[in-house]
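Down below is the structure, laid out as structure tokens.
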Amino acid sequence: MTDAVKPNVETTLVNLTIDNVPVSVPKGTLVVDAAKRIGIDIPVFCYHPKLEPVGMCRMCLVDIGLPAVNRETGKVETDKQGRPVINFGRALQTGCTVEVAEGMVVVGYTEKVQKARQDVLEFLLTSHPLDCPICDKGGECPLQNLTMAHGRSDSRFIFDEKIKLAKHVPLGEMIFLDRERCIQCARCTRFQDEIADDPVIGFEARGRSLQIVTYSEPGFDSIWSGNTTDICPVGALTTTDFRFGARPWELQASASLCTHCPVGCNTTLNTRREAKAGGEMVVKRVMPRQNEEVNEIWLCDKGRFAHHYAAKDDGRLTGPLVRRDGKLVAATWEKALALVAEKFEGAGKGLVTLAGGKLTNEDLYNLAGLAKARGGKALLDSRMAGGDLTAQVGLSTGSNLADLGKGDAALVVACDLEEEAPLWWLRVKQAAERGATVIVANPRRTKLERHAAFTLRYEYGHEAALVTALVGSFSPKRADLPAAVQALIRDKDVKDAGQAIAGAKDLIVFYGSEGTGLAESAALARACANLLIGTGHIGRPNNGLVAVWDKANAQGGWDMGLRPSADLAADLGAAKAAYIVAADPAGDSPALAEAVKAAGFVVVQDIRLSATAELADVVLPAAAFTERDGTFTSGERRVQRLHPAVPAYAGLRGDFAVTAQIAARLGVAQEKRLATGVFNQIAASVPAYAGLTSAALSEVREQWPVIGRGDVYYGGTTYDNKQGLGVQLPVSGDSPALTFEQPAEPAKFKGLKAVPVTRLYDRGTTVTPSAVLHPRLPGAFIALSVEDADKMKIEPGQKVQATLNGVTVEVEAHIDNSLAQGVVLAPRSFGLAIEGPCEITVKK
């Protein structure tokens, strides 16, 4: 990232003139960015405002003059009119590498400059194929646009002398390369190196033989690969998902949000009407939508490609199903809702609602309201605690990870951040590059450690003990501290990290769910809150607690009054009636499948027939996130809105509306027509949301860099944000008191200890429908330490039998050389019966 877009840059202003327009910009700004600030476009190919400048393509050549300075007096010389004398250099200079200077004059419209740009384009086109009519980039192609604006009308080169190169090269399973179209701007390779820290592609050979190759196995092995197609200035890189799928000018754009993790990335859904879909509107691709306080202009590949679960295909539910004679059969809405209401009425306080974390705030509000009105339980499908604490000591209004820099600190504990919330990983990495002190605490190696000032190790189960030790490193010692805490306090790295935290100007603490169940998560959240309170890092911007939730809108669930279950199997099994919405407990864990079977009456509300739905007595369909509006609350407590992109099936509505129809039959009044109506009720009844309006969520302001579809050569094909940047909630006025509750000792097991971990690419119901991701989706697996694998004579990739909580599953064995002996990693949402740390038996 160039200094012109870095936070905390020097604010001294420099005055210059660009094409006769005066402008004042911060010192360190590049000429091309200074021009952009006043609406003057200097054409570029290799330059991108998020990447370091390299001056490779020469398209941004401009004439630059500087005030003449008298060598004897050191003063600027002036002409007879008192104007500074400007000396222009003999050669043109690249506007993307030259920083502004006081009194500088930049000219981009002279014949000399225009001829240089024309020559650059002519050279680029010497071996570029003439296939614009069939190129996916046509219509949003910088090379096409700039050729029309600055290129020659003819070519002096012979067509037969064009170099012929491979046109359909799979760099990986998701990205294709057309080597003839590549102009060697290096945007893609620099992105992977500078931004993603995944230098898995690069240049090979020299001269006209220069080409992009992949160094990884499998090819282009990066979760950020799709971003290279956004910033590629030609049609050289295309995605498998969109390749030859549509022309850009055919597409409509609708603002939406990614529903896969708690970051809340802003997206644009591109849609069109398609013959092979029976004339229906379909989502053709997911694109980033600029929000510099959330995802900037980037998306991870899961957010980009895992949208097909919402597609209208044979797997979608289009009408209610009722179990008759042991089989689910179609039923009318009236009969299905009447049956559900009858059973819920009979269940009384025995009603248990389980809400998935990908529901909107409006859905969660109505679900919690129904459960409360009936005296039942309102449960959140999550294995993490602490949502009450994030509301008290979380990030407050005005927080932006981009503001973290020298003198600030970020602690990431019990979390593999790139796997659990990729964009936060990227932004914490950038904070480290700006000088922030990053502390990573995890029992095993994670990618963020490359950028950490301190790496702290602890045993699984001692997450809260480690954070308590950090508090103890700078506070008066207590004699009653557990032995694990005392041992960690004596560790030099813990002491040094504690001092860095205590002395930080701003501090943000991220806690995840690595190796924890609900009880361990609650203790960890409490310890993290103590750390923030003890150091005074609460109640002001860029300070506070961030939960790296296991579900996208878990924070919204907590805010709406739902809570995770301490024993979900017991709650579901004992329910007289279970109302499960957008959750698949049976698919997540075989043990929970048995609990669902034991429930008295089961209603599942979802968009597809999940494993849990197959066990239900009634299945109710709902509109997908692509077909409705609503709001989400991110882990940074930013409320954002999504909009419908395609029509829903006839008769299908949002989950909030289905719940309201059930509630009406039980005498409970709820808004069932508009999501905005429910949101108004939330704003009126949930204190943290007081005063919020849909209009406030839709407000926008100027962002830097300026990204717009009118100049795709500058920032890429990312969409500018015209639909709303969201609103960050204030923390509640009552800060919790510092507590001295000591971390409990973790449970001991006779054999191997299995701990749950989160993988970005899991086998949940929202990921597996996306065929493009299938090559990257592992089957069920466990990870063993080197010592345990050697002891049991298990080889990497070998099939073994893993037994957890009485359920045996065949899995593939992986070996992790950073794991401690006796510990086994068991990923969530892979069909393994694991909710928290437990004993595991592994047999060949």
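The values are calculated or read from the model by the stated rules, or taken from the named source; none is laboratory data. Bear in mind that the values here come from a model prediction, so they are computed numbers and not experimental data. Here the Cβ is made from the backbone with ideal geometry for all residues, glycine too, and neighbour counts use every protein chain on show. Just so you know, the surface numbers come from the protein's heavy atoms only, side chains and all, with ligands and any DNA or RNA stripped out. Shrake-Rupley method; radii C 1.70, N 1.55, O 1.52, S 1.80 Å.
What the table shows:
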| read-out | value |
| --- | --- |
| Single match in Val23, Val44, Val62, Val32 (criterion: out of contact with any Ser or Thr (no Cβ under 7 Å at 6 or more places or on another chain), closer than 21 Å to Thr718 by Cα and not in a loop (DSSP other than H, G, I, E, B)) | Val32 |
| Among the candidates Phe632, Phe656, residue that is over 20 Å from Leu269 (Cα atoms), crowded, with 24+ Cβ neighbours inside 10 Å and not β-branched (Val, Ile, Thr) | Phe656 |
| Selected residue (only one of Ala645, Ala663, Ala669, Ala684 is assigned to a loop (DSSP other than H, G, I, E, B) and over 27 Å from Gln290 (Cβ atoms)) | Ala669 |
| Hey, Thr147 within 25 Å of Arg709 (Cβ to Cβ) and of a type in the set (Ser, Thr, Tyr) or not | yes |
| Gly264 being part of a loop (DSSP other than H, G, I, E, B), touching a residue at least 40 places away in the same chain (Cβ under 8 Å) and over 24 Å from the mean Cα position of the chain (by Cα) | no |
| Answer residue from segment 443-489, given it is touching a Leu at 6+ places or on another chain (Cβ under 6 Å) and in a loop (DSSP other than H, G, I, E, B) and is surrounded by the fewest Cβ atoms within 10 Å (Cβ to Cβ) among those | Arg444 |
| Test: residue in segment 807-815 that is outside the structural domain of Leu518 (by TED's automatic domain parsing), open to solvent by less than 50 Å² (accessible area, probe 1.4 Å) and assigned to a loop (DSSP other than H, G, I, E, B) | no |
| Residue within segment 335-351 that is more than 22 Å from Gly630 (Cα to Cα), touching a residue at least 40 places away in the same chain (Cβ under 8 Å), surrounded by fewer than 22 Cβ atoms within 10 Å (Cβ to Cβ) and not assigned by TED's automatic domain parsing to the domain that holds Val618 present | no |
| Condition broken by Asp762, with the remaining ones in (1) in a helix (DSSP H, G or I); (2) under 19 Å from the mean Cα position of the chain (by Cα) satisfied | (1) |
| In segment 138-186, the residues that are among the basic types (Lys, Arg) and open to solvent by less than 40 Å² (accessible area, probe 1.4 Å) | Lys162, Arg181 |
| Helices (runs of 4 or more DSSP H) wholly inside segment 350-430 containing at least 3 residues that are within 24 Å of Gly503 (Cα to Cα) | 387-393 |
| Which listed residue, of Asp403, Asp301, Asp408, is outside the structural domain of Arg628 (by TED's automatic domain parsing), open to solvent by 10 Å² or more (accessible area, probe 1.4 Å) and in contact (Cβ under 8 Å) with a residue 60 or more places away in the chain | Asp403 |
| Verdict on Asp197 being in contact with a helix residue (DSSP H, G or I) (Cβ under 7 Å, 6 or more places away or on another chain), charged (D, E, K, R) and open to solvent by 10 Å² or more (accessible area, probe 1.4 Å) | yes |
| Subset of segment 480-518 (residues that are at pLDDT 95 or above, among the aliphatic types (A, V, I, L, M) and touching a Pro at 6+ places or on another chain (Cβ under 8 Å)) | Leu518 |
| Filter pass, Asn530 being outside the structural domain of Gly369 (by TED's automatic domain parsing), under 25 Å from Glu419 (Cβ atoms), touching a residue at least 24 places away in the same chain (Cβ under 8 Å) and polar (S, T, N, Q) | no |
| Selection within segment 750-760 - open to solvent by 20 Å² or more (accessible area, probe 1.4 Å) and at pLDDT 95 or above | Leu752, Lys753, Thr758, Arg759 |
| Test: residue in segment 363-385 that is in contact (Cβ under 8 Å) with a residue 40 or more places away in the chain, aromatic (Phe, Trp, Tyr) and open to solvent by 10 Å² or more (accessible area, probe 1.4 Å) | yes |
| Of residues in segment 71-94 being assigned to a strand (DSSP E or B), free of Cβ contacts under 8 Å to residues at least 24 places away in the same chain and under 52 Å from the mean Cα position of the chain (by Cα), the one farthest from Asn20 (Cα to Cα) | Asn87 |
| From Ala570, Ala599, residue being in contact (Cβ under 8 Å) with a residue 12 or more places away in the chain, open to solvent by 20 Å² or more (accessible area, probe 1.4 Å), out of contact with any Phe, Trp or Tyr (no Cβ under 9 Å at 6 or more places or on another chain) and hydrophobic (A, V, I, L, M, F, W, C) | Ala570 |
| Unmet criterion (only one of (1) over 28 Å from Leu426 (Cβ atoms); (2) surrounded by fewer than 18 Cβ atoms within 10 Å (Cβ to Cβ)) for Val54 | (1) |
| Residue in segment 731-754 that is in a loop (DSSP other than H, G, I, E, B) and within 18 Å of the chain's Cα centre (by Cα) present | no |
| Where Lys722 falls short, out of the listed (1) surrounded by 14 or more Cβ atoms within 10 Å (Cβ to Cβ); (2) part of a loop (DSSP other than H, G, I, E, B); (3) not β-branched (Val, Ile, Thr) | (1) |
| Within segment 492-512, considering residues that are among the charged types (D, E, K, R) and buried (at least 17 other Cβ atoms within 10 Å of the Cβ), the one nearest to the chain's Cα centre (by Cα) | Asp506 |
| Pick from segment 228-255, criterion touching a Phe, Trp or Tyr at 6+ places or on another chain (Cβ under 7 Å) and under 13 Å from Tyr719 (Cα atoms), ranking: most open to solvent (accessible area, probe 1.4 Å) | Ala253 |
| Pick from segment 780-797, criterion within 33 Å of the chain's Cα centre (by Cα) and under 29 Å from Glu594 (Cβ atoms), ranking: modelled with the lowest pLDDT | Ala780 |
